[in-house]
Amino acid sequence: MSVCPDLHQHYVQVCQNLGQPENPFIAHVLQEADKNDEIIWTKGFTLKIAGNSHLVPVQRVTDDSLQVLVSVLRTAAFVTGLDLRYNVLTDAGAKTMATFLQENSSLRYLNLMFNNIGKTGAELIAKALHGNETLLHMRMTGNKIGEEGGMFFASMLQINSTLEKLDLGDCDIGVQCLIATASALNLNKSVKAINLNRPLLFSQEEETTVHLALMLKNNSSLVELHLCKHEMKNFGVERLCEALYENSTLRYLDLACNKITSDGVKFLGKLLKWNQTLQILDLNANRIEDDGAIYLSQALALYNRTLQVLSVVSNNISGKGLVALSDAMKTNIELSCIYIWGNKFDEATCRAFSELIQMGRLKLNCTDVEPYEVDGHIYLAELSHGLQKHYYWTPTYCVVTEKDANASLAIAAVSEY
């Protein structure tokens, strides 16, 4: 076996050759990586150079320091993931990364979330992925690539047949990009998970939801779909439910932060009576109220035995609806995770969920409430758990393994390592 390269020493040498100052944070990460030779050679690993680390002093990665880093990584085939979130990369850095993606044959995970990449950088990266046959997971989250930048990724999905997970959340994409992405996914057979959260929509017609629903009728590979903050109302939910009667692959549906009421949840309740695929349903921050909760509880108690996770956080549900959901868990043993914080807890609600937890039916790491008693009365306190607990951040001191804290519970998640 050949000798494992010394990443830190190589980095120092390249900095000298290019006349660039060393970035102390990059140097620290590479020094730590050099200590894990066995892991590097057996599995490959992810270089985590996140600019929001609080454990060590951070000098964020710039375009110039990225150029040095990729020069080092060109000879490091054992680096299979690169986490550059929360740095200060611009379109110039995106150009460097695009060139690297065209040359590299080992990188499977790339996280560029919340840098300063615009539409020009998005074009370069998306076009680099036309010929890339290695990258499986790409996160552009929070880069303001806009409608034009999003269109380049939609076009890429018509050509690339390798990428499995794409995150374009918080990227200011618009109506045309959503429709183009939906059209591309009609034919794309490789993408398993896509995040289209928080587009900029200036229409009340919900035409984007209609196109996404039509896509779900034809797509047979997508298992995870995030449509948070789409201004979706009951009409859009009805269109999605109609499509899901013909879809047998989608397992994770995220409809958080929309405008769905109990009338829209009625369609979801009917769907759950028939659907045998959905495992995660996120309705966080809608307004389903008691009637909506009861529609869901009836479907879950009597018919559905597939759904594993339900989030109804902040939905203006009072004791009547919450107790109905707790009763559904007593008969439905498949429903293992439920998140209810932000609703109207009365004494009956507190007692019902306390009983579920005490009898072991509901585990504390699978919910966001914990009972406590004061003067003979039961109350519920909030726990820091949730479906997307680690969407915007992940701890740097350990690997997150709890399924309830990860966004990709229902699929064979693409590894970062």
If you go through segment 141-161, how many residues are of a type in the set (Val, Ile, Thr) and either out of contact with any helix residue (DSSP H, G or I) (no Cβ under 9 Å at 6 or more places or on another chain) or open to solvent by 40 Å² or more (accessible area, probe 1.4 Å) (or both)? 2
Counting only residues in segment 59-108 that are open to solvent by less than 10 Å² (accessible area, probe 1.4 Å) and in a strand (DSSP E or B), the one farthest from Lys144 (Cα to Cα) is identified as Val79
Restrict the check to segment 313-336 and report whether at least one residue is among the hydrophobic types (A, V, I, L, M, F, W, C), within 26 Å of the chain's Cα centre (by Cα) and over 25 Å from Lys273 (Cβ atoms). no
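Report yes if Val88 is more than 25 Å from the chain's Cα centre (by Cα) and over 24 Å from Glu164 (Cα atoms), otherwise no. Steps first, please.
Working: more than 25 Å from the chain's Cα centre (by Cα): no; over 24 Å from Glu164 (Cα atoms): yes.
Answer is no for this residue.
Is one or more of the residues making up segment 242-249 closer than 30 Å to Arg85 by Cβ and either free of Cβ contacts under 8 Å to residues at least 12 places away in the same chain or buried (at least 19 other Cβ atoms within 10 Å of the Cβ) (or both)?
We begin by selecting, within segment 242-249, every residue closer than 30 Å to Arg85 by Cβ; these are 249.
After this cut, where a residue has to be either free of Cβ contacts under 8 Å to residues at least 12 places away in the same chain or buried (at least 19 other Cβ atoms within 10 Å of the Cβ) (or both) as well, the list is none.
Taking every residue of segment 242-249 in turn, none turns out to be closer than 30 Å to Arg85 by Cβ and either free of Cβ contacts under 8 Å to residues at least 12 places away in the same chain or buried (at least 19 other Cβ atoms within 10 Å of the Cβ) (or both).
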Filtering segment 358-376 down to residues that are part of a helix (DSSP H, G or I) and over 28 Å from the mean Cα position of the chain (by Cα) yields Gln358
Counting only residues in segment 19-46 that are modelled with pLDDT of 90 or more and among the hydrophobic types (A, V, I, L, M, F, W, C), the one surrounded by the fewest Cβ atoms within 10 Å (Cβ to Cβ) is identified as Ala27
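Is one or more of the residues making up segment 299-319 open to solvent by less than 70 Å² (accessible area, probe 1.4 Å), in contact (Cβ under 8 Å) with a residue 40 or more places away in the chain and among the hydrophobic types (A, V, I, L, M, F, W, C)? Even if it seems obvious, please write down each step before you answer.
To start, the set of residues in segment 299-319 that are open to solvent by less than 70 Å² (accessible area, probe 1.4 Å) comprises 299-301, 304, 306-319.
The next check asks that each one be in contact (Cβ under 8 Å) with a residue 40 or more places away in the chain; those that pass are 308-309, 311, 313.
If we keep only those that are among the hydrophobic types (A, V, I, L, M, F, W, C) too, we end up with 309, 313.
Checked segment 299-319: at least one residue is open to solvent by less than 70 Å² (accessible area, probe 1.4 Å), in contact (Cβ under 8 Å) with a residue 40 or more places away in the chain and among the hydrophobic types (A, V, I, L, M, F, W, C).
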When residues of segment 109-152 are filtered for being part of a helix (DSSP H, G or I) and over 21 Å from the mean Cα position of the chain (by Cα), how many remain? 8
Between a first residue in segment 213-239 that is more than 19 Å from Phe202 (Cα to Cα) and open to solvent by 10 Å² or more (accessible area, probe 1.4 Å) and a second residue that is assigned to a helix (DSSP H, G or I) and of a type in the set (Phe, Trp, Tyr), which pairs have beta carbons less than 8 Å apart while being 6 or more apart in sequence or on different chains? Glu238/Phe267
Can you tell me which residue is surrounded by the most Cβ atoms within 10 Å (Cβ to Cβ) among those in segment 162-198 that are of a type outside the set (S, T, N, Q) and assigned to a helix (DSSP H, G or I)? Cys177
Subset of segment 332-353 [farther than 21 Å from Ala285 by Cβ and open to solvent by less than 60 Å² (accessible area, probe 1.4 Å)]: Asn332, Ser336, Ala348, Cys350, Ala352
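Given the criteria in a helix (DSSP H, G or I) and at pLDDT 95 or above, does Leu300 qualify?
Yes.
The values are calculated or read from the model by the stated rules, or taken from the named source; none is laboratory data. For clarity, every value in this text was computed on a predicted model and none was experimentally measured. Reconstructed Cβ throughout: ideal geometry from the backbone, glycine too, with neighbour counts over all protein chains shown. Accessible surface areas use protein heavy atoms only, side chains included; no ligands, DNA or RNA. Shrake-Rupley method; radii C 1.70, N 1.55, O 1.52, S 1.80 Å.
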